[in-house]
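Written below as structure tokens is the structure these notes are about.
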Amino acid sequence: MSATLRGPAAESRKDRAEAEQLRAFVSAFAEVVYRMSPDWSEMRCLEGGNFVSDTREPSRTWLDKYIYPDDQAQVTAAIAAAIRSKGVFALEHRVRRANGSVGWAFSRAAPLLDEQGNITEWFGAATDVTARRQAEARYRVIFDDAPIGIAHVALDGRWLRFNQAVCAITGRSREQLERLTFADITHPEDLETDWSNVRRLVAGEITSYSMEKRYLRPDQSVVWANLTVSLLRDPAGLPEHFIAIVEDITGRKQTQERLRESEERLRNLVRQSSVGIAEADAAGRLRFVNDRYCALLGYTREELVGRNVRDVTHPDD
């Protein structure tokens with residue numbers, strides 16, 4: 001956006017009136033309104049509201065007064081680019097707030113041009129985005145340092161953003177994951193279930209899903225994960241990307257497998273024992289009998305399981 005000022009002095013009052021109308025309009029939507037010289041060496045005025053302090057008189061020290069030191073180089077580079085292109089200056093940067101603390105501002109400024117196309121002034125406005133920046137910083141800490149994997153995944157399965165826990169779980173570096181999709185590292189037996197859930201999520205049939213699945217590491221070893229996925233949509237309701245929570249449950253799965261194997265060995269020992277062994281519930285119904293017990297009573301396992309112990313016990317006993 002740029003505005004062309006009328007050259008003749010007779011119209012200067014009209015120009016000032018239009019500029020004042022523009023200032024009033026912009027100030028209704030921004031905390032800060034300011035005017036700068038053509039080369040930005042001088043701030044002509046600034047109304048800071050409750051965000052930053054005001055500048056009522058022209059000032060050449062505005063950069064040190066308002067802009068956080070670490071951001072000054074970025075701000076001056078963006079200004080130089082806007083001057084060269086005679087285009088809009090737009091940047092988020094840190095500022096010194098009126099109360100002395102550091103805040104974040106989104107600043108935009110447009111050049112006012114004369115009839116020859118020369119910049120005569122810059123008219124700008126800035127909005128306080130401190131709360132959003134702080135929320136983003138907290139989210140980054142949670143995202144980056146979480147002990148479980150958190151990832152943003154594209155609709156086609158590409159890994160867009162992910163934390164270090166995802167790298168650790170999948171056994172891959174950040175650079176490796178950025179070249180892959182989730183399908184590339186999913187165990188073939190789990191892939192169709194995953195894609196089926198994804199399709200239902202995009203179709204709006206479900207709002208999220210959870211499943212236990214296997215990932216394949218580069219050495220083809222298997223890592224088990226509990227995966228929870230939801231879908232982020234834009235304001236129009238169109239799908240943007242998936243948000244995935246990945247928890248490594250390999251240790252739990254290995255413990256369960258060892259327990260299952262132990263129980264299986266115990267069952268085999270009981271079945272093959274030379275002593276008749278049976279298990280009944282509190283009501284006396286048989287839940288398990290071994291081969292020797294069946295042989296002693298002369299029944300098959302199918303005939304005994306579910307019957308009451310009293311049914312196969314002598315009345316005198």
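The values are calculated or read from the model by the stated rules, or taken from the named source; none is laboratory data. Just so we're clear, the structure is a prediction, and the values are computed from it rather than from any experiment. Counting neighbours? That spans all protein chains shown, and the Cβs are built from the backbone with ideal geometry, glycine included.
What the table shows:
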{"item": "Which numbered condition G48 misses (of (1) among the small types (G, A, S); (2) surrounded by fewer than 16 Cβ atoms within 10 Å (Cβ to Cβ); (3) modelled with pLDDT under 95)", "result": "(2)"}
{"item": "Some residue of region 227-249 being in a helix (DSSP H, G or I), farther than 30 Å from Y293 by Cα and not charged (D, E, K, R)", "result": "no"}
{"item": "Region 66-92 - residue that is more than 32 Å from the chain's Cα centre (by Cα) and small (G, A, S) and, of those, surrounded by the fewest Cβ atoms within 10 Å (Cβ to Cβ)", "result": "S85"}
{"item": "Search result, residues across region 164-215 that are assigned to a loop (DSSP other than H, G, I, E, B) and either out of contact with any helix residue (DSSP H, G or I) (no Cβ under 8 Å at 6 or more places or on another chain) or within 22 Å of P239 (Cα to Cα) (or both)", "result": "G171, R179, L180, H187, G204, E205, I206, T207"}
{"item": "Verdict on I245 being among the β-branched types (V, I, T), surrounded by 11 or more Cβ atoms within 10 Å (Cβ to Cβ) and more than 20 Å from Q176 (Cα to Cα)", "result": "no"}
{"item": "Count of region 191-221 residues which are touching a residue at least 12 places away in the same chain (Cβ under 8 Å), within 22 Å of R174 (Cβ to Cβ) and exposed (fewer than 13 other Cβ atoms within 10 Å of the Cβ)", "result": "3"}
{"item": "Long-range neighbours under 6 Å by Cβ, at least six apart or interchain, first residue in contact (Cβ under 8 Å) with a residue 24 or more places away in the chain and surrounded by 11 or more Cβ atoms within 10 Å (Cβ to Cβ) within region 124-145, second among the aromatic types (F, W, Y) and not in a helix (DSSP H, G or I)", "result": "G124/Y34; T127/F106; D128/F51; V129/W104; V129/F106; T130/W104; R133/W104"}
{"item": "Some residue of region 263-271 being at pLDDT below 85 and either assigned to a loop (DSSP other than H, G, I, E, B) or touching a helix residue (DSSP H, G or I) at 6+ places or on another chain (Cβ under 7 Å) (or both)", "result": "yes"}
{"item": "Any strands (runs of 3 or more DSSP E) falling wholly within region 98-161 and containing at least 1 residues that are under 12 Å from the mean Cα position of the chain (by Cα) and under 22 Å from L231 (Cα atoms)", "result": "149-153"}
{"item": "Residue in region 58-65 that is hydroxyl-bearing (S, T, Y), on the phi < 0 side of the Ramachandran plot and either surrounded by 15 or more Cβ atoms within 10 Å (Cβ to Cβ) or modelled with pLDDT under 95 (or both) present", "result": "yes"}
{"item": "Within region 300-315, tally of residues that are buried (at least 16 other Cβ atoms within 10 Å of the Cβ) and either modelled with pLDDT under 90 or out of contact with any strand residue (DSSP E or B) (no Cβ under 6 Å at 6 or more places or on another chain) (or both)", "result": "1"}
{"item": "Residue match in region 97-107 (condition: β-branched (V, I, T), within 29 Å of A137 (Cβ to Cβ) and touching a Phe, Trp or Tyr at 6+ places or on another chain (Cβ under 9 Å))", "result": "yes"}
